[in-house]
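First comes the structure, then the notes that go with it.
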Amino acid sequence: MKRRQTIALTAALCAGLLAMPATAQQKLKVGLMLPYTGTFAALGNAIENGFKLYVQEQGGKIGGREIEYFRVDDESDPAKATDNVGKLINRDKVDVVVGTVHSGVVMAMAKVARDSNTLLIVPNAGANALTGPMCAPNIFRSSFSNWQSAYAAGVVAAERGHKTAASITWKYAAGDEMASAFKEGFAKGGGKVVKELNLPFPGVEFQALLTEIASLKPDATFAFFAGGGAVKFVKDYAAAGLMKSVPLYGPGFLTDGTLEAQGAAAQGVLTTLHYADDLPNAKDKSFRLGYAKTYKLQPDVYAAQGYDAAQLLGAGLSGVNGDVSRRADMIKAMEAAKIDSPRGAFTLSKAHNPVHDIYLRKVEGNSNKYQKVAVKALADPATGCKM
Ligand code: BEZ
């Protein structure tokens, strides 16, 4: 009896394998194009850790496929982006590209992805155009648009009674888009941005600009910096004695993954983001525990976005039994996915961008503490997306 059952089981397994095309039995090639050096290095590493954590939690396979990783350090350099993504697509022949952090780099990647019809999942870079005029069936984002996180900061600053603000950021797509979205949210609540300051990416010579803010005396400052640049900016802002006289606001990138290095300087800073360090949901608790256990590090928003990129890919693969040649069905499965994210469950807009709550957070100790939902279920306007 036992022997007959074993034979039947083996036959069923063989039939299942035969039903899968040969390619679906091979390892899925995932190309990670991320910054592993420079001011965004920690962000790239956290994204990769988050992605691999999800795969590890699924027993090393998603949608029935084992994964083989290929990595390229994009150095957050837009000038090298086309060549770098070409290495993954043409040399390594990856099935999917996951990347990147920097908005300028992602725009070059998106062009190549569109031209070569490569599946691209973006785990950070917020360039509005990616899910606007550049939107495409094969391009998905597991993170945010620049507009989403900074618009909410403007809404909050106005709600808190500020009437004037200065903005300060790096001069590149993400900086420009975040400053403009803050201005929009702030204006909606009656506020006015009186000065827009910037410096070239990834510069950290903030002193002259901080002196200008001190002499302008706005009610508040809005700043977008991230990674190493954010650490230096927050410390310099506090050292200039501005924290009390001109309260600092920003999208959460200003204080995410940076608090140990920012220390006392960051205490009390209010930011808006789709993640916080103590969200009241079970998924986040298990994600944080798993991440801390695996990497001996606390996760941040970048780790969560990497984790969600793997979940999104997993949803697509499960929809086609691991067979990526069924591209149209895979895309349908990704579009329909409800991602059980550490940020709270989310779905994608028609333009393939997360629709998610934006939280107000306050720095306390080494934590971005959840205060409230600043804007509920915020969807990027996706202006110009024709899909
Ligand atoms: C960006 O370039 O889109 C970006 C980089 C770091 C944090 C957030 C956005």
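Side notes on the structure shown:
- The calculated Kirkwood hydrodynamic radius for the chain is 21.4 Å, given to one decimal from all distinct C-alpha pairs.
- Carbon/sulfur fraction of accessible area - segment 147-273, other protein chains in place, 1.4 Å, %: 55
- The residues of segment 147-273 present an accessible area of 36 Å² per residue when probed at 1.4 Å with all protein chains retained.
- Relative protection proxy for 269-276, 351-358, from highest mean packing down: 269-276, 351-358 (other beta-carbon atoms within 10 angstrom).
- Eligible lysines near residue 163 by straight Cα distance, threshold 19 Å, same-chain separation 8 or greater: 183, 188, 192, 195, 217, 244
- Tensor-based shape of segment 147-273 (alpha-carbon gyration tensor, a/c under 1.5 rounded, otherwise prolate or oblate): rounded
- Each helix, a run of at least 4 DSSP H residues, gives -39500 (n - 2.57); summed and divided by the residues of the chain, these come to -13500 deg cm²/dmol at 222 nm.
- Trypsin sites (Lys or Arg not before Pro) within segment 327-356, DSSP loop, no more than 11 other Cβ atoms inside 10 Å: 338
- Rounded to the nearest Hz, the phi-derived 3J(HN,Hα) couplings of segment 358-364 under the Karplus curve 6.51 cos²θ - 1.76 cosθ + 1.60 (θ = phi - 60°) are 10, 9, 8, 10, 10, 6, 9, where x marks glycine and proline.
- Structural descriptor for the chain: relative contact order 19 percent, calculated from alpha carbon pairs under 8 angstrom and at least 6 residues apart.
- Inter-label distance for residue 332 and residue 80, nm, one decimal - labels placed 7 Å from Cα along Cα-to-Cβ: 4.2
- Overall, the anisotropy analysis places segment 176-221 in the oblate class: the square-rooted eigenvalues a ≥ b ≥ c of its C-alpha gyration tensor yield a/c not less than 1.5, with a/b not exceeding b/c.
- Cα gyration tensor category, rounded, prolate or oblate, for segment 70-139 with a/c compared to 1.5: oblate
- Taking every alpha-carbon pair under 8 Å whose residues sit at least 6 apart, segment 147-273 reaches a relative contact order of 28 percent.
- Applying the Karplus relation 6.51 cos²θ - 1.76 cosθ + 1.60 with θ = phi - 60° to segment 124-131 yields 3J(HN,Hα) values of 7, 2, x, 2, 4, 5, 4, 10 Hz, where x marks Gly and Pro.
- Between the amide H of residue 66 and those of 28, distances stay under 5 Å, these residues lying 5 or more places away or on another chain, with hydrogens modeled in the peptide plane.
- Close amide H contacts of residue 356 (hydrogens built in the peptide plane, cut-off under 5 Å, sequence separation of 5 or more or a different chain): 378.
- Rounded to the nearest whole angstrom, the semi-axes of the ellipsoid equivalent to segment 266-306, taken from the Cα gyration tensor as √(5λ), stand at 19, 12, 10, largest first.
- For segment 140-149, Karplus couplings with θ = phi - 60° (6.51, -1.76, 1.60), whole Hz, Gly/Pro x: 10, 10, 9, 10, 5, 9, 4, 4, 4, 6
The values are calculated or read from the model by the stated rules, or taken from the named source; none is laboratory data. Just so it is clear, the model here is predicted, and its values are computed rather than measured. No Cβ is skipped: glycine too gets one built from the backbone with ideal geometry, and neighbour counts run over all protein chains shown. Accessible surface areas use protein heavy atoms only, side chains included; no ligands, DNA or RNA. Shrake-Rupley method; radii C 1.70, N 1.55, O 1.52, S 1.80 Å.
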